[in-house]
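Every number here is computed from the coordinates shown, using simple stated rules; none is lab data. All values reported here derive from a predicted model rather than from experimental measurement. Virtual Cβ from ideal backbone geometry, glycine too; neighbours counted across all protein chains shown.
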Amino acid sequence: MLSGTSTCNPKELAQAALAPALADGPDQVEPARHGDSRPTGETADLLVVGDIVTNNPAAPTAEAMAISGGRIIGIGSRADVDGLVTASTKTLDPGGFILPGLIDPHMHIWTSLLTYPNVDLSHELCPTLDDVTKTIKEAVSKAPDGQAVCFKNFDPSLYPGEPVLTRADLDRIAPDNPVLVWNASGHFMYVNSLMFKAAGITDQTPDPPGGTFERVDGKMTGVVGEPPAEQLILKGLPQPSMDDIAKYIREILTACAAQGVTSVREAATGALAGPKELALLHQLNGAARFPVRVSTAQFAVLPGHTPVEVAAMWKAAGVTPFSGDEMLRADAWKVVSDGSNQGRSGYFLQPYLGEDNGGKADYTPESLREALKAGLDDGWQVMVHTNGDAAVEFALEAYEELLPQYGDTDLRHRLEHCSFTVDQQLTRMAALGVSPSFLMNHVYYWGAAFRDTILGPTRAGRLDRVASAYGAGLRPSLHSDYNVTEVHPLLSARTAVLRETKADGKVLNAAECATPEQALAAITTNAAWQIHADDRGSLEVGKAADFGVADGNPWAGDHAGWADIAFQATYVDGEAAWQA
Ligand SMILES: [Zn+2]
């Protein structure tokens, strides 16, 4: 399920491929108002009974939960809630464990659409090169001749000899269809002759600036490098229809629900097509309620516009802080300050292992302040993507200069990924009230690579410091950055406790292991707090009746098994949101 070695997929590619399709979408941002339409009464319209796990330390378990208008009005023993039950109260006894809905406070719907429908060639699904060939052949055989077939997540570095798929290979495997295979990094794609033809590219086509069409003796090999060249290939593919886009969005959100998730934050809304993206989400949620609540972070960057102009664009579309409703709400302002550590473009105080390069910042100090200020001036919570320790430093300096000018706002500004930090940075974050959200499965998937080849063991040990963040008095959350990793909060929490790398099972700096309670708070109450949803994350009187039904209880069980807990259903506002 792991897809890509770059944090946040290449936006310019997704933009080129999807923005024209999105241009047909609605302009007006019109909330559907599902979330706050039902009044809370004195007596329960729904009684939930079973093994209820509350995530409320004062009363960790319950046997009954009384709900009215989507809110919890009583929770405890049967006798505790008896007085709230009337003849018209419905009863739900779902079996299994009833858990508070989990929260992914940073994932991507829009940029994930670029490769969403592609056939998965990840090493997990295709452990040998023969499996790769077989999967391509099978997928192509199901498509009519001439129809393009696309594949994702092929990672040559995981096969002996690091084989690439050449044009000749793909012509042999798929002679009758244009074929495109994405390298898992996103930096390369492999295409066959018919794909070149569909894109109008010949051996004579020059390399675009910043991109390469690999050639041997003047003939293209089929290896296409970097977004400017990849973009020319994407032009040979049909645009997804609005119906396709709508379907993919619902499938992505449904997959979140299947992991017990009831709230997500989309962490770069508008990155492809500006406010039209939010308008479309409202339209879709209006037509049929989403299976999870969506909180959006408005993206500060649109090519050709200053951050101040982008902020004005959102305002003109009717999008202001906390506008929308409790199902779909605009909550934050998103700025990206550096690249990806595994792509060696994260911004570090010291160079990468064995290199002169320490990455670079996406902004000058002045332009970063300008981007933050555009959001702060409009009253947004700000999220700054920071991967390297120098990027954290850079963002902290900007926050330290700007935040005092806005007084005590309780906006709960954040650093996203906040992947590598030095001690005093965490202390300074605490002083500013800026909290980290960690892409925790960096440790699981890339921990060994950071330790052995990218950063060395000492720096790698400073990846995703959950224990130190708690030690500094911070309230960290954990996120997937989907589709960089899968939306699976219990896997993220497991990684926070164990810090095992997938490659060799070794622990990456045991001193940073979270306690089980800390890890679970980071995917529930802390994540809720970070997305300004204080009424979620635990099951208590006054909170939303957002819960999942699972075959295990992570609050009592062995954390090594957390990722294997299966969900049967989720409920949002006490209403069925998803069923297995
Ligand atoms: Zn992201």
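Tabulated data for the structure shown
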| item | result |
| --- | --- |
| Over 28 Å between alpha carbons, listed pairs Lys11/Lys197; Lys142/Lys276; Lys137/Lys219; Lys247/Lys502; Lys134/Lys197 | Lys142/Lys276; Lys247/Lys502 |
| Relative contact order of the chain, defined on C-alpha pairs under 8 angstrom at six or more residues apart (%) | 19 percent |
| For the stretch 190-212 and the stretch 313-346, distance of Cα centres in Å | 34 Å |
| The chain - share of DSSP beta bridges that are antiparallel (%, nearest 5) | 50 percent |
| For the stretch 38-167, size of Cβ-based charge dipole, Lys and Arg +1, Asp and Glu -1, in debye | 380 debye |
| Prolate/oblate/rounded label for the stretch 118-234 (Cα gyration tensor, a/c 1.5) | oblate |
| Summed side-chain charge close to Val382 - residues other than Val382 whose Cβ falls under 9 Å, Lys, Arg +1, Asp, Glu -1 | +2 |
| Proxy reagent accessibility, fewest Cβ within 10 Å first, across Cys513, Cys418, Cys126 | Cys513, Cys126, Cys418 |
| Part-to-part distance (alpha-carbon centres) for the stretch 409-484 and the stretch 556-580, which is given in Å | 26 Å |
| Residues Thr86, Thr485 arranged by fewest to most Cβ contacts within 10 Å | Thr86, Thr485 |
| Relative contact order %, the stretch 347-484, counting alpha carbon pairs below 8 Å whose residues are six or more apart | 22 percent |
| DSSP beta bridge pairing in the stretch 24-99, given as percent antiparallel to the nearest 5 | 70 percent |
| Size of charge dipole - the stretch 258-387 - debye, nearest 20, with Cβ of Lys, Arg +1 and Asp, Glu -1, no other charges | 340 debye |
| Neighbourhood net charge (10 Å Cβ-Cβ; Lys/Arg +1, Asp/Glu -1) for Glu512 | +2 |
| Cross-link partners of Lys90 among lysines (Cα-Cα below 24 Å; sequence separation of 8 or more within a chain) | Lys543 |
| Sequence-separation-based contact order of the stretch 118-234, relative, with Cα cut under 8 Å and 6+ spacing, percent | 22 percent |
| Local electrostatic count, Lys315, Cβ distance below 11 Å [Lys/Arg +1, Asp/Glu -1] | -3 |
| 222 nm mean residue ellipticity, helices alone, for the chain (DSSP H n ≥ 4; -39,500 (n - 2.57); rounded to 500) | -8500 deg cm²/dmol |
| Global form of the chain, assessed from the alpha-carbon gyration tensor, a/c cut-off 1.5 | prolate |
| Exposure proxy order (Cβ contacts within 10 Å, fewest to most) of Ser141, Ser122, Ser435, Ser295 | Ser141, Ser122, Ser435, Ser295 |
| Candidate aspartates and glutamates for bridging to Lys360, where Cα separation is under 19 Å - those fewer than 8 sequence places away on the same chain excluded | Glu12, Glu226, Asp338, Glu370, Asp389, Glu393, Glu397, Glu416 |
